[in-house]
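**Q** Below is one structure. I have some questions about it.
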Amino acid sequence: MKAVRVHEYDTVPTLDDVPVPAVRDPHDVVVKVRGAGVCRTDLHIIEGQWKGKSGVRLPYTIGHENAGTVTEIGSAVTNVKVGDSVILHPLATCGLCLSCRNGDDVHCTHSDFPGIDADGGMAEYLRTSARSVVTLDPGLEPADVAALADAGLTAYHAARKAAEILRPGHTVAVIGAGGLGHIGVQVLESLTAARIVVVDQSPEALELAKQIGADVTVIADGNEAREVLGLTGGNGAEVVLDFVGEGTAIAAGVAMLRRAGSYFVIGYGGNLDVPTIDIISSEINFIGNLVGTYNDLVELMALAAEGKVRLHTVKYRFSNFRQALDDLHHGRVRGRAVLVPDDEFDGQRGTLDSAPRA
């Protein structure tokens, strides 16, 4: 089969011929990949940013946002059958450690992370675990929701945690309305009655945010913190969700947070540089967010099936993966890029929404 493989860091991946994966363990599931998301993390992997964390041996196959059709199952698999359409949780977890038993399987101590520390899904087939597959609603197509497996899951995980502390009358500021942020806005709109203020540098992204649930939009021009403070009577937002995590976004985000507020870090690339006395005196909280749990993905798929979360995607032929990576690198992708098998590609590269078919 064909697979997108990284041979050297800071070098464009190649399309290689590799063996088709087969069931090895009783709980294995083999999936024909019909949608593989192209994520900014893939760019960071290629650049070598994950080299020290993943410990992966080169060459290997990237791709951690995957959906498709089950083609083979192990002898102990009972939750899916051959022919089922599924989306894959990014982690293949053990089910036995304390984190898994607590439902916090994203922190499994014996997991594989296909596309990060093991062969991923930018390939024709992918082997994963029965614990990772979520059956899709008949109204959802794998290629239309594949990027929800990581980008959507990460956004949902953070927004759901934020929704637990947001109350009617509160304000939540969302920094960044791009590939992850536009999903987070929709999740917040579905889960909370708080006022949603979206901050972004792009007028187009802010226009999209208005269409999908933002109550107020603010252009990020250096005055965004002042504007959010003005919207909240000088107090600041109870919650800030930072989907950017670099550049000036961090300082602006902290400045627009109220006393005892919570700052959710989702985007990464920069550094938090906050005097500890400011954290103590204002009693503010900084909360990291890593992907999401299996249950988070199940809940997100329920919202997608109900049409409450729509993923804006641009499709590319699988063989045209280099163009997808280049477009993402240069900021030409609105929403999320998804690779589709060449024989299923319909020639349309426009923006699509994932929602149940009529």
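**Q** Less than 13 Å from a label point 7 Å out along the Cα-to-Cβ axis of ALA302: which backbone N atoms in region 181-205 qualify, by residue?
**A** 191
**Q** Compute the acute angle (0 to 90°) between the alpha-carbon long axis of helix 203-212 and the principal axis of greatest extent of the alpha-carbon atoms of the chain; round to the nearest 10°.
**A** The two axes meet at around 80 degrees.
**Q** Here is a further query. In the chain, once you exclude exposed trypsin sites (Lys or Arg not before Pro) (DSSP loop, at most 13 other Cβ within 10 angstrom), what's the longest stretch remaining? Display every interim value, and only then the final one.
**A** Numbers: sites that count: ARG24, ARG57, LYS81, ARG332, ARG357.
That would be 82-331.
**Q** Same structure again: Using only Cα atoms, what Kirkwood radius does the chain have, in angstroms? If you can, show how the numbers build up before the last one.
**A** On the way: mean 1/r = 0.0484 Å⁻¹.
Result for the chain, one decimal place: 20.7 Å.
**Q** How far, in degrees from 0 to 90, does helix 181-191 lean away from the longest principal axis of the Cα atoms of the chain, to the nearest 10?
**A** 80
**Q** Per DSSP helix of 4 or more residues, -39500 (n - 2.57); summed, then divided by the residues of the chain. What does that give at 222 nm, rounded to the nearest 500?
**A** Numbers: 12 runs with 97 residues, N = 358.
Result for the chain: -7500 deg cm²/dmol, rounded to the nearest 500.
**Q** If the cut-off is a Cα-Cα distance under 18 Å, which aspartates and glutamates reach LYS81, setting aside same-chain residues fewer than 8 apart in sequence?
**A** Counting by Cα, and skipping residues close in sequence, LYS81 has these aspartates and glutamates nearby: ASP25, ASP28, GLU72, ASP137, GLU141.
**Q** While we're on this one: Mind sorting ASP104, ASP84, ASP221 by how few other Cβ atoms lie within 10 Å of their own Cβ, fewest first?
**A** Lowest count first: ASP221, ASP104, ASP84.
**Q** Something else: Can you find, among VAL338, GLY267, VAL82, the residue sitting farthest towards the positive end of the charge dipole of the chain, where Lys and Arg contribute +1 and Asp and Glu -1 at Cβ?
**A** VAL82
**Q** Among the lysines, which fall within straight-line cross-link reach of LYS51, defined as a Cα-Cα distance under 24 Å, with same-chain neighbours fewer than 8 residues apart omitted?
**A** The qualifying lysines are LYS2.
**Q** Could you pull out the GluC sites (Glu not before Pro) across region 279-338 that fall in loop regions by DSSP (anything but H, G, I, E, B) with no more than 11 other Cβ atoms inside 10 Å? Before the final figure, lay out each step's value.
**A** Values: sites: GLU283, GLU299, GLU306; in loops: GLU283, GLU306.
Here the sparse-neighbourhood loop sites are GLU283.
**Q** A follow-up question, please. Just add up the charged neighbours of ALA155: K/R +1, D/E -1, any other residue whose Cβ is under 14 Å from the Cβ of ALA155.
**A** Working: positive: ARG40, ARG160, LYS161, LYS308, ARG310, ARG336; negative: GLU65, ASP150, GLU189, ASP242, ASP296, GLU299.
Once positives and negatives cancel, what remains is 0.
Values quoted throughout were computed directly from the atomic coordinates according to the rules given, and no laboratory measurement underlies them. None of these values were measured; they are calculated from a predicted model. Neighbour counts are summed over all protein chains in view; Cβ atoms, including those assigned to glycine, are modelled from backbone coordinates with ideal geometry.
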